[in-house]
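Structure provided below as structure tokens; questions to follow.
The values are calculated or read from the model by the stated rules, or taken from the named source; none is laboratory data. What you see is a predicted model; the values in this text were computed from it and never measured. Heads up, the Cβs are rebuilt from the backbone with ideal geometry, glycines too, and the neighbour counts pull from every protein chain shown.
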Amino acid sequence: MADEGLERLFQLAVTLGGSLDLERGVAAFMDWLVQVVRPALAVLFLAEKGQGVFLPAGCHGLEIPADRRMPLEADPWRWLAEQGASLPQEEAGRYLVPVSVGQESLGILALISPAGGEAPAAERWLVETAVGCLAPILRNLLRYRELEEKVEQRTAALEQEVARHYRLLEQVRRQMEEVDTLYRLGRALASTLDLPSLGRIAYEHVSRLVDCSGFGISLYDPGARLLRAVFMADEGGPLDVSLFPPLPMDVSPVRGRARAVATGEPEIVADLPTALEQDGKGMVFASGEPIKVNRSALYVPMIVQGEVTGLLEVQSYRPEAYGPAEVALLRPVANQIGLALENARLFQETRRLMEFNENIVRSLADGVLLFDSEGRCLYANPAAGHMLGYAEEAIGRPWEAFSPEQVSGRFGPMRPAGRKERPPRNWRFAARTVAPSRSWPAEPPTSRKAA
């Protein structure tokens, strides 16, 4: 057996030397042991570094669960008996062979001889020789496995770090896109004072910032305590706002839109269908047919000069689509949109007032001329044009063209008095037919009618 065993041992050494796989090396050793020694039982224990236990790496004649471990201080034979091993009565038929390199202990080999009695000396010598050849190879394989595990750990750590950097880059990219969108939104809102155009601009930019399958802008009337829709849109584009009746805000319990308006704080509705069912009402068409129900919503009040002027709302088909990040993003957006709407409203009121005043001036029987700071005519009402004989030709003329001599030549003699070379800023000269005995004032006032 010794000659055959040595020859196969040489082949085993060649096989083990050509592999870096620990499991494969242990399996090759156990195959050699079974074919050459033919033990009744053989278990190769390898010490798990830093764990204080032995791992049964190779077994023959006994099935040991993979999760079992033997403490270093345990009696191998007693432990094997606890695992179900059938041990011979004679201790001479079983023996342990330490697996070590110098002072470094790698494990032990527990073996029961097939002879049933005392193991032959040749068998023990062959096994110890094989273990002596196996030990340095096992040490290299164990070190290689440790190195491999460290490489895997470092690779995993590197992958996590790379993933973290990619997430940071993606976050920075997203933030840059958000900043760019907010910048473009601000410029776009400042470019128009038309309410429908403001709604379309807001919807176009907000839909780039958050999930937005539903979108709405409403203005709050504190006197009537009503929320009136001024712009509504879904994935198909803008909707007819006449389909959305005003919503009363004096409701109980106060939640959703009403709470956002009452508190001035954004309101998140994680489960919109349940909230609508609890309220028994919601944003509905004038015909009574409900709009397409989204799964979640976010209501953000528009605050201008400390007062809630309206509500910006976004809705999503996804449940729980909105959180603190969306709230932080849309809060300044809502205020920006609210300010743009307030500017548009003030502009429209100013334009209506200006048109009203202009209609009054145009209907006056008195002639009214308006000059700029350079003394050029900006406006002449029809009465002034009729009195002077020209209306359109008056625009752009210097104020000297409307001198007292010219006026008196047309309406009667006027005695000029001392006057400056140009009228003061926004000087208005109101003219009508005068009597020959009346004189020109010493200094033209801001607004003057000659009687």
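Taking region 250-266 as the region of interest, how many residues are of a type outside the set (Val, Ile, Thr) and in contact with a Phe, Trp or Tyr (Cβ under 7 Å, 6 or more places away or on another chain)? Spell out the reasoning first.
Of all residues in region 250-266, those of a type outside the set (Val, Ile, Thr) come to 250, 252-253, 255-260, 262, 264-266.
Now drop any that are not in contact with a Phe, Trp or Tyr (Cβ under 7 Å, 6 or more places away or on another chain), which leaves 256-257, 260, 266.
So the count comes out to 4.
Oh, and also: Of the conditions (1) without any contact (Cβ under 8 Å) to a residue 24 or more places away in the chain; (2) small (Gly, Ala, Ser); (3) outside the structural domain of Pro273 (by TED's automatic domain parsing), Ala325 satisfies every one except a single condition; which number is it?
(3)
Residue under question is Arg208, and the condition is that it be more than 18 Å from Val304 (Cβ to Cβ), touching an Asp or Glu at 6+ places or on another chain (Cβ under 8 Å), surrounded by 10 or more Cβ atoms within 10 Å (Cβ to Cβ) and of a type in the set (D, E, K, R); does it hold? Quick ask: steps written out before the conclusion?
Working: more than 18 Å from Val304 (Cβ to Cβ): yes; touching an Asp or Glu at 6+ places or on another chain (Cβ under 8 Å): yes; surrounded by 10 or more Cβ atoms within 10 Å (Cβ to Cβ): yes; of a type in the set (D, E, K, R): yes.
When the stated conditions are applied, Arg208 passes them.
State all residues of region 368-399 that are modelled with pLDDT under 75, assigned to a helix (DSSP H, G or I) and not hydrophobic (A, V, I, L, M, F, W, C); if no residue qualifies, say none. Even if it seems obvious, please write down each step before you answer.
Let us first name the residues in region 368-399 that are modelled with pLDDT under 75, namely 388-393.
After this cut, where a residue has to be assigned to a helix (DSSP H, G or I) as well, the list is 388, 392-393.
If the condition is that a residue be modelled with pLDDT under 75, assigned to a helix (DSSP H, G or I) and not hydrophobic (A, V, I, L, M, F, W, C), then Glu392, Glu393 are the ones that fit.
Of the numbered conditions (1) modelled with pLDDT of 85 or more; (2) over 23 Å from Lys49 (Cα atoms), Ile108 fails exactly one; give the number of that condition.
For Ile108, the failing item is (2).
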